[in-house]
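Colleague: Right, I'll just put the structure down here and ask away after.
The values are calculated or read from the model by the stated rules, or taken from the named source; none is laboratory data. Only a predicted model underlies this, so the values are computations on that prediction, with no experimental measurement involved. We place every Cβ from the backbone using ideal geometry, glycine too, and count neighbours over all the protein chains shown. For accessibility, only protein heavy atoms count, side chains too; no ligands or nucleic acids. Shrake-Rupley method; radii C 1.70, N 1.55, O 1.52, S 1.80 Å.
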Amino acid sequence: MSNAKVKAPPFRWSFLLPQYWPVWLSIAILYTVSWLPYKVQLWLGKGLGKILAKVAKKRVDVAKRNLELCFPQKNPQQIQHMVDENLDHAGMAILEASMGWWWPDWRVRKHGEIEGYEHVQAILDKGKGVLGLAIHNMNLELGCRIAGVHHPSVAFYRKHNNPLMEYMQYRGRARSNKYMIHKRNVKGLIEALDQQEVCFYLPDQDYGRNRSEFVPFFAVDKVASTKGTLLFAKESNCETVFIVSIRTDSGYKVKFVPGLKDFPSGDDIKDITRINEKVEELVEIAPAQYLWMHKRFKTRPNETDPSLYE
């Protein structure tokens with residue numbers, strides 16, 4: 001199992017070179033802001049959302065298009081209202097990442113609560129691993145830290161392209177995880193589940209055509225949906241729960257929800273459809289907090305099908 005773990009990147013003296021000074025400045029600002037009162041950070045997060053509306057127009061267009069596709073019953077004014085709310089949460093997500101990386105445990109506990117952990121404990125008591133299917137709400141970085149303070153987990157990890165940010169990101173995420181596995185190390189996650197670990201996996205992203213089935217998601221009929229969940233559930237001694245992290249009026253709540261019954265059933269398309277239906281249900285709890293800026297419908301059923309984003 002030791003070979004499966006992502007190793008901590010070492011500090012490099014080259015990080016002190018001028019090319020990294022802008023990154024250091026950004027880190028210093030975010031670290032300082034993370035110590036401000038939470039209500040002040042909420043105000044700053046909304047301000048960052050307004051900046052994103054100006055500088056990340058392509059991502060805003062993606063969010064708007066996703067909302068139009070998923071909620072065709074809503075009129076343009078309702079869609080725009082959801083986009084505006086989504087931008088508020090997107091701005092806050094930048095600060096929530098710094099909270100997840102640098103907040104001390106006492107502050108995480110003060111602003112974060114866990115609900116439904118008895119579903120996880122019941123699986124662990126059976127001597128099984130827990131495959132936690134987390135939906136990609138934008139506060140997930142902080143949500144993972146909240147969950148990790150309660151019970152350190154194992155997660156897939158994607159390295160940051162910037163070496164200095166990778167150095168910071170790894171150490172930030174290591175505070176909430178028992179250890180991390182490279183995102184392509186399928187065998188490593190199966191071994192972790194067999195060793196009765198609590199493992200996080202995101203089943204609601206577009207991972208491409210390979211190992212996907214095209215099943216409905218909201219109002220879109222055929223959406224590339226990963227078969228990875230089924231692979232882990234079939235190949236390891238585990239049971240599933242769903243996880244959603246929500247920003248509330250008083251802070252944050254990480255909810256653990258029972259997994260699907262008779263899963264996997266042997267009917268892959270049926271099972272993946274059921275997963276998507278459950279994700280929809282959890283998104284509907286706080287739809288403005290979901291990562292609508294991700295091109296969820298990028299992979300089309302046929303390679304010749306026109307893009308839904310043009």
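Here's the yes/no breakdown for (1) over 18 Å from the mean Cα position of the chain (by Cα); (2) basic (Lys, Arg); (3) closer than 24 Å to residue 307 by Cα:
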site	(1), (2), (3)
104	yes, no, no
126	yes, yes, no
137	no, no, no
148	no, no, no
158	no, yes, no
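Colleague: Taking the criterion of being assigned to a helix (DSSP H, G or I), without any contact (Cβ under 8 Å) to a residue 40 or more places away in the chain, farther than 19 Å from residue 31 by Cβ and out of contact with any Leu (no Cβ under 8 Å at 6 or more places or on another chain), would at least one residue in segment 122-138 satisfy it?
Modeller: yes
Colleague: In addition: Just give me the residues in segment 198-227 being in a loop (DSSP other than H, G, I, E, B), of a type in the set (D, E, K, R) and open to solvent by 20 Å² or more (accessible area, probe 1.4 Å), in sequence order.
Modeller: Scanning segment 198-227 gives 206, 209, 211, 227.
Colleague: Here is a further query. Considering only residues that are surrounded by 19 or more Cβ atoms within 10 Å (Cβ to Cβ) and part of a helix (DSSP H, G or I), look in segment 173-190 and name the one that is nearest to the chain's Cα centre (by Cα).
Modeller: Checking each candidate, the answer is 173.
Colleague: In addition: Quick check: is even one residue across segment 285-298 open to solvent by 50 Å² or more (accessible area, probe 1.4 Å), assigned to a strand (DSSP E or B), at pLDDT 95 or above and not acidic (Asp, Glu)?
Modeller: There is no residue in segment 285-298 that is open to solvent by 50 Å² or more (accessible area, probe 1.4 Å), assigned to a strand (DSSP E or B), at pLDDT 95 or above and not acidic (Asp, Glu).
Colleague: Of everything in segment 228-249 that's of a type outside the set (Val, Ile, Thr) and free of Cβ contacts under 8 Å to residues at least 60 places away in the same chain, which residue is surrounded by the fewest Cβ atoms within 10 Å (Cβ to Cβ)?
Modeller: 249
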